[in-house]
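The values are calculated or read from the model by the stated rules, or taken from the named source; none is laboratory data. A quick note: this is a predicted structure, and the numbers were derived from the prediction, not measured. Here Cβ is always computed from backbone atoms with ideal geometry, including for glycine, and neighbour counts include all displayed protein chains. When the accessible area is computed, the model is the full protein with side chains, heavy atoms only, and any ligands, DNA or RNA have been set aside. Shrake-Rupley method; radii C 1.70, N 1.55, O 1.52, S 1.80 Å.
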Number of protein chains: 2
Amino acid sequence: MDKEGRKDETVELARRRGFLWQAFEIYGGAAGFYDYGPLGALLKRRIEDKWRDFYRREGFFEIETTTVAPREIFEASGHLESFADQAVVCTHCKSFFRVGENVRVGVNCPECGGELEAAGEFNLMFQTRIGVSKGERDERAGKKSEGYLRPETAQGIFANFQRLLRFNRDKLPFGVMQIGKAYRNEISPRQSLIRLREFTLAEVEVFVDPDEKKKHPRFEDVKGRTLRMVPGDGEEEEKSVGEVVSSGIIANEYLGYHIARVNEFLESIGIPRAKIRFRQHHRDEMAHYAQDCWDAEFLSDRYGWMEIVGVADRGDYDLSSHASLSSVDMSVHAESAKIIPHVIEPSYGIDRIIYALLESAFYEEQVGTENRRVLRFKREIAPIQAAVFPLLNRDELKLKAREVFQMLRDASFIVEYDDSGSIGRRYRRQDEIGTPYCITIDYETLDNDTVTVRERDTMKQVRVPIGKLEEVLV
Amino acid sequence: MDKEGRKDETVELARRRGFLWQAFEIYGGAAGFYDYGPLGALLKRRIEDKWRDFYRREGFFEIETTTVAPREIFEASGHLESFADQAVVCTHCKSFFRVGENVRVGVNCPECGGELEAAGEFNLMFQTRIGVSKGERDERAGKKSEGYLRPETAQGIFANFQRLLRFNRDKLPFGVMQIGKAYRNEISPRQSLIRLREFTLAEVEVFVDPDEKKKHPRFEDVKGRTLRMVPGDGEEEEKSVGEVVSSGIIANEYLGYHIARVNEFLESIGIPRAKIRFRQHHRDEMAHYAQDCWDAEFLSDRYGWMEIVGVADRGDYDLSSHASLSSVDMSVHAESAKIIPHVIEPSYGIDRIIYALLESAFYEEQVGTENRRVLRFKREIAPIQAAVFPLLNRDELKLKAREVFQMLRDASFIVEYDDSGSIGRRYRRQDEIGTPYCITIDYETLDNDTVTVRERDTMKQVRVPIGKLEEVLV
């Protein structure tokens with residue numbers, strides 16, 4: 001099957017098997033909105049739990065802040081002024097487009113071939129109104145009630161900085177994480193899994209003393225690791241983290257440490273090392289708040305290199321802005337003086353990571369005369385951990401299979417029971433959703449309490465006592 | 001301490017210890033928005049995980065749909081037309097109020113004593129615009145781009161009904177759950193933890209064949225359980241679920257089964273049985289989609305009886321509405337005919353449940369000459385599972401304590417390390433956040449690898465070998 005075929009197959013399988021569904025499809029859909037079906041939601045939960053555990057082990061704590069926030073937050077963060085795209089509109093069909101590589105005034109409309117004209121700048125935040133929504137009393141009250149859907153979870157952390165500092169007993173450094181929805185009102189995302197208007201971010205904000213920022217206490221642990229790096233003004237190269245930091249390309253140990261950890265996390269959930277690189281932003285593509293920024297990129301068959309994580313040094317931009325707009329002191333009494341902490345931020349796009357996992361786990365192979373489609377998820381992230389089948393459609397086998405199924409469910413495994421169709425068909429279905437083990441109950445089971453366990457990737461079957469099943473699945 | 005004092009103490013402790021914080025406080029806050037601090041987020045996560053596990057064992061599956069949805073969804077759901085409150089405005093200070101028990105035309109303004117006048121009806125959904133947000137082309141396009149923040153997660157499930165049915169291999173009944181943010185743009189929530197504008201719902205939609213709806217296969221398991229019930233037109237009484245269903249007060253077994261299960265869940269996380277009752281809605285307070293509805297109410301010291309869960313029979317309202325507006329067939333081929341499934345819905349307000357847990361877990365008691373404040377969370381939901389202390393501020397004890405701390409963290413326990421201040425002060429701090437066990441490392445530990453474990457509620461201390469710690473904490 002050709003490359004194009006393979007790509008469509010991934011998306012089609014994700015839809016058909018209940019991973020990802022275009023939202024509101026019964027009303028024709030809305031570009032940039034996707035729902036997670038039962039298997040997608042399980043997969044997402046696993047990745048979020050692993051992520052949470054990964055950063056919790058750093059000693060970081062998690063908070064959960066609101067997705068709607070008032071105007072002041074985004075006045076301070078700079079999003080009101082700077083989070084915008086230029087648009088053009090077709091004079092003929094009236095479609096709007098974001099100005100980018102292939103679309104600008106002078107080019108023909110991609111929809112109808114008409115003439116495009118400049119349509120000004122559009123802020124990418126979803127706007128709403130908090131409280132009374134008509135007959136605003138005066139302009140001041142109008143502004144006061146303006147609300148926005150957050151474009152990043154980070155601002156909820158910055159706005160709580162003082163409380164978090166106190167929670168950490170007034171000591172630096174400390175890290176705070178948050179997983180949650182964020183929003184970006186794209187001008188014209190068209191249909192795509194990648195450019196979503198509503199998406200999930202998993203973000204960490206590490207507050208550090210700028211005077212000590214260059215030193216990370218565990219930098220030794222990571223400095224020997226080699227990564228594929230693309231510096232802002234250089235060529236792609238495989239280099240050690242230590243090297244890139246000491247040559248000054250990555251500005252400090254803290255940023256280097258977190259870049260290495262991002263890579264570790266991505267590999268741990270099963271993104272192939274060969275498909276990850278770290279690319280430094282050019283000065284002119286950097287977000288308004290960043291001093292330095294590196295994207296972890298995934299090499300997609302369909303989209304080429306695409307950002308899945310950003311690791312930024314936000315400096316004191318956010319805390320200083322909030323301090324100045326709110327007149328609340330954001331400084332910390334450090335060793336020598338009162339300083340404003342700097343922020344190192346790894347920011348993960350969970351939906352894109354899920355896309356990357358689906359794409360890179362998908363294999364199609366010839367087995368005998370058959371085409372086998374399989375999602376080779378790592379065992380720890382597979383949505384369903386095991387499927388239980390009675391070999392034949394007989395009551396005594398079904399009863400026993402139900403028993404094994406219930407036993408595993410009671411032990412908190414996510415398991416499926418299936419007794420429909422041939423065994424071969426049931427294996428194929430589980431392969432397609434990435435289930436690592438299929439457990440089959442046959443007549444021998446009734447004799448000696450053993451079952452066959454078939455492993456997804458090798459397709460090998462072994463005989464296992466029911467009492468040992470939990471060990472095999474873990 | 002008097003009743004009033006105790007109440008304020010709960011909220012104050014929740015704020016001070018990092019459970020719940022008023023959002024955007026640096027900008028003066030916004031009524032109806034709260035953030036979860038590090039301990040609140042841990043507590044919330046535990047409750048959500050327990051809830052998920054509870055319904056997963058029913059065989060239900062979870063999905064995750066978008067929080068923003070286009071106009072059609074809420075046209076079909078009836079929220080555009082019916083999800084509204086009447087408002088009054090003060091002619092003097094211009095404050096808006098929701099018309100309710102204590103506020104209406106003819107009453108004086110609660111803020112300034114001025115005269116109130118009718119201000120019309122306000123829809124309670126947050127409105128936004130999807131895509132291009134100025135210079136709308138025509139009215140049709142304007143409507144097309146209208147979006148709303150969902151007032152319930154349920155509609156995302158209904159809109160995916162056909163796919164979910166297919167995922168369940170075209171069989172009824174099946175249940176689908178979702179945990180996520182929902183929004184209600186209250187006219188004037190004032191400052192309160194209870195009437196939030198952004199909140200978390202955990203909802204289950206069970207799709208059943210209306211012809212078989214009255215029968216639940218596991219009704220036997222619950223029918224003997226007694227609950228405190230307030231029928232729509234009757235007095236509060238302790239009755240068995242079986243009795244209330246067979247007398248027709250609860251319309252069917254399915255609804256009865258889920259009411260009993262809601263009660264089971266609430267008790268399992270530690271809401272005292274004596275503070276739970278089920279109250280049937282009167283005809284005139286029922287939501288526009290409900291055929292029958294029961295609220296699980298919590299008896300709050302501060303707010304009196306308040307709704308924490310709703311259990312509704314939504315009939316075929318939602319599926320029929322979506323079928324009619326979208327022209328998509330929502331019927332199911334059942335035993336005899338093509339029917340539209342009915343929906344039984346338990347809908348949990350997670351934030352209010354957390355408030356209920358904080359309030360009912362809070363105790364203040366005299367221990368010797370001291371006032372002890374303690375959160376008596378059940379062990380399974382306590383945010384921190386154990387705290388590890390070196391008895392004295394000596395390097396050898398601190399080193400060993402760090403080791404024990406790291407061992408427990410590696411075993412996936414949520415633990416804290418604390419070496420600041422006296423042991424008494426450290427115990428008090430952990431009592432206040434509800435940590436069930438404090439582990440102290442002393443010189444005997446260095447000799448024989450045993451530690452003292454102090455239990456929160458009894459304050460009893462026992463000596464435990466380090467190797468047995470994990471067993472004790474589980």
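Values as computed for the structure displayed
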quantity	calculated
Residues of region A:257-291 satisfying the condition of being part of a helix (DSSP H, G or I), out of contact with any Pro (no Cβ under 9 Å at 6 or more places or on another chain) and within 18 Å of A:ILE47 (Cα to Cα)	A:ASN263, A:GLU264, A:LEU266, A:GLU267, A:SER268, A:ARG273
Residues of region B:93-110 that turn out to be basic (Lys, Arg) and more than 14 Å from chain A (Cβ to nearest Cβ), as a count	1
Residue among B:HIS333, B:HIS342 that is touching a residue at least 60 places away in the same chain (Cβ under 8 Å), buried (at least 17 other Cβ atoms within 10 Å of the Cβ) and more than 29 Å from B:LEU13 (Cβ to Cβ)	B:HIS342
Boolean, A:ILE179 is at pLDDT below 95 and touching a helix residue (DSSP H, G or I) at 6+ places or on another chain (Cβ under 6 Å)	no
Number of the condition not met by A:ARG454 [criteria: (1) of a type in the set (D, E, K, R); (2) in contact with a strand residue (DSSP E or B) (Cβ under 6 Å, 6 or more places away or on another chain); (3) surrounded by fewer than 17 Cβ atoms within 10 Å (Cβ to Cβ)]	(3)
Members of region B:111-123 found to be surrounded by 19 or more Cβ atoms within 10 Å (Cβ to Cβ) and within 12 Å of chain A (Cβ to nearest Cβ), listed by number	B:ALA119, B:PHE122, B:ASN123
Sole residue being touching a Ser or Thr at 6+ places or on another chain (Cβ under 7 Å) and of a type in the set (A, V, I, L, M, F, W, C), chosen from B:PHE74, B:PHE33, B:PHE24	B:PHE33
Helices (runs of 4 or more DSSP H) wholly inside region A:7-92 containing at least 2 residues that are within 18 Å of the chain's Cα centre (by Cα), buried (at least 19 other Cβ atoms within 10 Å of the Cβ) and away from chain B (no Cβ under 11 Å)	A:38-56
Condition met for A:SER321 (more than 26 Å from A:GLY180 (Cβ to Cβ) and either open to solvent by less than 10 Å² (accessible area, probe 1.4 Å) or modelled with pLDDT of 95 or more (or both))	no
Some residue of region A:23-46 being in contact with a Phe, Trp or Tyr (Cβ under 8 Å, 6 or more places away or on another chain), within 29 Å of A:HIS322 (Cα to Cα) and in contact (Cβ under 8 Å) with a residue 60 or more places away in the chain	no
The lone exception for A:TYR289 - which of (1) in contact with an Asp or Glu (Cβ under 7 Å, 6 or more places away or on another chain); (2) surrounded by fewer than 20 Cβ atoms within 10 Å (Cβ to Cβ) it fails	(2)
Test: B:VAL367 is closer than 17 Å to B:ASP457 by Cβ, surrounded by fewer than 17 Cβ atoms within 10 Å (Cβ to Cβ) and among the aliphatic types (A, V, I, L, M)	yes
Residue in region A:384-396 that is within 24 Å of B:TYR55 (Cα to Cα), β-branched (Val, Ile, Thr) and either modelled with pLDDT of 95 or more or open to solvent by 30 Å² or more (accessible area, probe 1.4 Å) (or both) present	yes
Every residue from region A:297-330 that is hydroxyl-bearing (Ser, Thr, Tyr) and within 14 Å of chain B (Cβ to nearest Cβ)	A:SER320, A:SER321, A:SER324, A:SER326, A:SER327
Residue within region A:168-182 that is free of Cβ contacts under 8 Å to residues at least 24 places away in the same chain and charged (D, E, K, R) present	yes
All positions within region A:298-318 that are more than 28 Å from A:MET330 (Cβ to Cβ) and buried (at least 21 other Cβ atoms within 10 Å of the Cβ)	A:PHE298, A:ILE308
Pair list, Cβ under 7 Å, 6 or more apart: region A:404-415 residue more than 9 Å from chain B (Cβ to nearest Cβ), other residue assigned to a loop (DSSP other than H, G, I, E, B) and open to solvent by less than 20 Å² (accessible area, probe 1.4 Å)	A:VAL415/A:ILE384
Residue match in region B:276-284 (condition: open to solvent by less than 30 Å² (accessible area, probe 1.4 Å), within 14 Å of chain A (Cβ to nearest Cβ) and either within 24 Å of B:SER360 (Cβ to Cβ) or of a type in the set (A, V, I, L, M, F, W, C) (or both))	no
Odd one out for B:PHE158 among (1) open to solvent by 10 Å² or more (accessible area, probe 1.4 Å); (2) in contact with a strand residue (DSSP E or B) (Cβ under 9 Å, 6 or more places away or on another chain); (3) more than 7 Å from chain A (Cβ to nearest Cβ)	(1)
Out of B:ARG225, B:ARG218, sole residue that is more than 30 Å from B:LYS338 (Cα to Cα), among the basic types (Lys, Arg) and free of Cβ contacts under 8 Å to residues at least 40 places away in the same chain	B:ARG225
Any hit, region B:66-82, residues being at pLDDT below 95 and out of contact with any helix residue (DSSP H, G or I) (no Cβ under 9 Å at 6 or more places or on another chain)	yes
Residue check, A:ILE259 more than 29 Å from A:GLY78 (Cα to Cα) and β-branched (Val, Ile, Thr)	no
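Let's see how each residue does on (1) touching a residue at least 12 places away in the same chain (Cβ under 8 Å); (2) not basic (Lys, Arg); (3) not assigned by TED's automatic domain parsing to the domain that holds A:MET306:
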site: A:ILE250; (1), (2), (3): yes, yes, no
site: A:HIS258; (1), (2), (3): yes, yes, no
site: A:GLU267; (1), (2), (3): no, yes, no
site: A:ILE271; (1), (2), (3): yes, yes, no
site: A:ARG277; (1), (2), (3): yes, no, no
